[in-house]
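S.K.: If you scroll down you'll find the structure; I have some questions about it.
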Amino acid sequence: MLNEKITVLAHAKLNLYLDIVGTRTDGYHLLETVLQSVDLSDVVEVTAAREGILVSCSNPEIPTGEKNICYKAAKRFAERVGGNFGAAIHIEKRIPDGAGLGGGSADAAAVLYALNELNGLPMRLDELQQLAAEIGADVPFCLFGGLAVCRGIGEVIEPLSPLPERFYLIVKPNFRCPTQKAYQLYDNAPVPAKNTLKAFCNAGSRYPEMLYNVFEEIYGNVEISSIKAKLRETGALGALLTGSGSAVFGVYETAQGAASAASAFPEMFTAVAKPVAAGLAVI
C-alpha cells in the first residue's frame with residue numbers, strides 16, 4: 001500500500017427532480033433524477049490494515065458490522081481487486097440517516113475512493129463506478145458528485161452545467177422514511193410519470209419553480225407539506241422532499257436568508273448547505 005490513511009469528505013445529495021419512469025424485470029425501479037451534491041458532509045477515515053474490515057461510527061444507531069454499507073463496499077472492493085488486505089473505517093456522521101440525503105451512499109463512495117487510492121489505483125474511475133452501482137443506487141453519483149441527471153437505477157450519469165448559485169436550508173423532521181417502504185407504497189399505488197425532466201433542465205434560474213419529487217405524491221404526508229409551506233413563508237424560492245425523505249429543503253437566494261429561516265424549525269435538524277463541484281474532497 002502506498003499510503004496508510006486517507007480522510008474523505010462524503011457529501012450529501014439533494015434530489016432537485018425525481019420521477020419513477022418504469023420498473024425492470026428484476027423489480028428495480030427506473031428513475032429520472034437530478035442530483036446536486038452539497039457541502040453537508042460526513043467525514044470518512046480509511047486506514048490501511050493487513051487483514052479484516054472494521055467499521056466504527058460516531059452515531060451509535062448506525063450498524064458497524066456486515067450490515068453497514070461501508071463494510072459491503074470494502075468487501076466488494078477486496079473481492080474485485082484480489083489480494084490480502086484490510087481496512088479500518090471510521091465514519092464521523094454529520095448527515096442525518098433516514099433522511100433521503102444519501103449519507104450512507106456517500107460514505108460507501110468515499111470508502112471505494114479511499115481504498116483505490118490506498119492500493120495504488122488498481123481500478124479506473126469507470127470500473128469503480130460500475131462497482132459502486134452494485135452496492136447502491138446513489139453510490140455511483142456520490143463518487144461523481146456535482147450536478148447531474150441520473151437514469152436507470154442511478155448508474156447512468158449525465159453531468160450538467162452548474163445552476164445559478166443558490167443556498168439550501170435542509171430540514172429533517174423527527175421521523176424516518178425507509179426507502180424500501182417508500183417503493184412498496186409506490187408499487188401499491190403507482191403514480192404516472194410526469195415526464196418534465198427536460199423542462200426542469202431547461203429552466204435555468206427558474207429551476208426552484210420546477211422542483212418535483214414523485215414520493216411527495218405517494219406519501220401525502222401532512223408534516224412534510226407543512227414544512228414545505230413554512231419554508232416558502234420564510235422566503236424559499238421553492239421547496240421539496242429529497243429522495244424518499246424525510247428531509248425537506250428550501251432554495252434561497254442567499255446564505256443569510258437560509259440561515260434566518262432555520263429559526264422557524266427549532267425542534268428539528270437543520271443545516272444550511274451550498275452546492276459543491278464534482279469530485280470527492282480529500283482532507
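The values are calculated or read from the model by the stated rules, or taken from the named source; none is laboratory data. Note that the structure is predicted; figures quoted are calculated from it, not measured. Ideal geometry is used to build each Cβ from the backbone, glycine not excepted, and the neighbour counts take in all protein chains shown.
S.K.: Taking T33 as the residue in question, decide whether it is without any contact (Cβ under 8 Å) to a residue 24 or more places away in the chain and either touching a Cys at 6+ places or on another chain (Cβ under 8 Å) or closer than 30 Å to A203 by Cβ (or both). Before you say what the answer is, go through the steps one by one.
M.R.: On the way: without any contact (Cβ under 8 Å) to a residue 24 or more places away in the chain: no; either touching a Cys at 6+ places or on another chain (Cβ under 8 Å) or closer than 30 Å to A203 by Cβ (or both): yes.
Answer is no for this residue.
S.K.: Checking R80 against (1) among the charged types (D, E, K, R); (2) under 24 Å from I62 (Cβ atoms); (3) touching a residue at least 12 places away in the same chain (Cβ under 8 Å): exactly one of these is not met. Which one?
M.R.: Just one mismatch for R80, condition (2).
S.K.: Turning to a different aspect of this structure: Looking at the stretch 240-249, is at least one residue more than 22 Å from V21 (Cβ to Cβ) and either aromatic (F, W, Y) or in a strand (DSSP E or B) (or both)?
M.R.: Filtering the stretch 240-249 down to residues more than 22 Å from V21 (Cβ to Cβ) leaves 246-249.
Narrowing the set further to residues that are either aromatic (F, W, Y) or in a strand (DSSP E or B) (or both) leaves 248-249.
Checked against the condition, which is being more than 22 Å from V21 (Cβ to Cβ) and either aromatic (F, W, Y) or in a strand (DSSP E or B) (or both), the stretch 240-249 yields at least one hit.
S.K.: Right, another one. Among the residues of the stretch 231-260, what is the count of those that are surrounded by fewer than 22 Cβ atoms within 10 Å (Cβ to Cβ), small (G, A, S) and in contact (Cβ under 8 Å) with a residue 60 or more places away in the chain?
M.R.: Here the count works out to 3.
S.K.: Would you say V272 is within 19 Å of the chain's Cα centre (by Cα), touching a residue at least 40 places away in the same chain (Cβ under 8 Å), in a strand (DSSP E or B) and within 27 Å of A193 (Cα to Cα)?
M.R.: It is false that V272 is within 19 Å of the chain's Cα centre (by Cα), touching a residue at least 40 places away in the same chain (Cβ under 8 Å), in a strand (DSSP E or B) and within 27 Å of A193 (Cα to Cα).
S.K.: Here's something else I'd like to know. Assuming V276 fulfils every condition listed in (1) more than 13 Å from I170 (Cβ to Cβ); (2) hydrophobic (A, V, I, L, M, F, W, C); (3) touching a helix residue (DSSP H, G or I) at 6+ places or on another chain (Cβ under 9 Å) apart from one, which condition is it?
M.R.: Checking V276 against (1) more than 13 Å from I170 (Cβ to Cβ); (2) hydrophobic (A, V, I, L, M, F, W, C); (3) touching a helix residue (DSSP H, G or I) at 6+ places or on another chain (Cβ under 9 Å), the one that fails is (3).
S.K.: Just checking, which of A148, A137, A132 is among the small types (G, A, S) and part of a helix (DSSP H, G or I)?
M.R.: Numbers: A148 fails: part of a helix (DSSP H, G or I); A137 fails: part of a helix (DSSP H, G or I).
That would be A132, the only listed residue that is among the small types (G, A, S) and part of a helix (DSSP H, G or I).
S.K.: Of these, K72, K13, which one is part of a strand (DSSP E or B) and among the basic types (K, R)?
M.R.: One residue alone meets the criteria, K13.
S.K.: Could we say that K198 is buried (at least 20 other Cβ atoms within 10 Å of the Cβ) and of a type in the set (D, E, K, R) here?
M.R.: Working: buried (at least 20 other Cβ atoms within 10 Å of the Cβ): no; of a type in the set (D, E, K, R): yes.
Here the answer is no, as K198 does not meet what is asked.
So that you can scan it fast, the table gives a plain yes or no per residue for (1) more than 19 Å from C201 (Cβ to Cβ); (2) of a type in the set (A, V, I, L, M, F, W, C); (3) modelled with pLDDT of 95 or more:
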| position | (1), (2), (3) |
| --- | --- |
| A108 | yes, yes, yes |
| A114 | yes, yes, yes |
| R124 | yes, no, no |
| D138 | yes, no, no |
| F141 | no, yes, yes |
| G152 | no, no, no |
| E165 | no, no, no |
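S.K.: Is at least one residue of the stretch 6-22 of a type in the set (D, E, K, R) and out of contact with any helix residue (DSSP H, G or I) (no Cβ under 9 Å at 6 or more places or on another chain)?
M.R.: Looking through the stretch 6-22, none of the residues is of a type in the set (D, E, K, R) and out of contact with any helix residue (DSSP H, G or I) (no Cβ under 9 Å at 6 or more places or on another chain).
S.K.: On to the next question. Going by the conditions given, is T47 in the same structural domain as G100 (by TED's automatic domain parsing) and either of a type in the set (A, V, I, L, M) or surrounded by fewer than 22 Cβ atoms within 10 Å (Cβ to Cβ) (or both)?
M.R.: Criteria met by T47.
S.K.: On to the next question. Tell me yes or no: at least one residue of the stretch 242-262 is within 24 Å of D97 (Cβ to Cβ), among the charged types (D, E, K, R) and modelled with pLDDT of 95 or more.
M.R.: So far as the stretch 242-262 goes, no, none of its residues is within 24 Å of D97 (Cβ to Cβ), among the charged types (D, E, K, R) and modelled with pLDDT of 95 or more.
S.K.: Would you mind telling me which numbered condition in (1) in a loop (DSSP other than H, G, I, E, B); (2) closer than 15 Å to R80 by Cα; (3) not charged (D, E, K, R) N116 fails?
M.R.: Condition not satisfied by N116: (1).
S.K.: Still on this structure, please answer the following. Any residue that is surrounded by fewer than 24 Cβ atoms within 10 Å (Cβ to Cβ), within 30 Å of V272 (Cα to Cα) and either assigned by TED's automatic domain parsing to the domain that holds I69 or of a type in the set (D, E, K, R) (or both) - is there at least one of those in the stretch 101-124? Even if it seems obvious, please write down each step before you answer.
M.R.: Initial filter on the stretch 101-124 (surrounded by fewer than 24 Cβ atoms within 10 Å (Cβ to Cβ)): 116-124.
Okay, now just the ones that are also within 30 Å of V272 (Cα to Cα), so none.
No, the stretch 101-124 contains no residue that is surrounded by fewer than 24 Cβ atoms within 10 Å (Cβ to Cβ), within 30 Å of V272 (Cα to Cα) and either assigned by TED's automatic domain parsing to the domain that holds I69 or of a type in the set (D, E, K, R) (or both).
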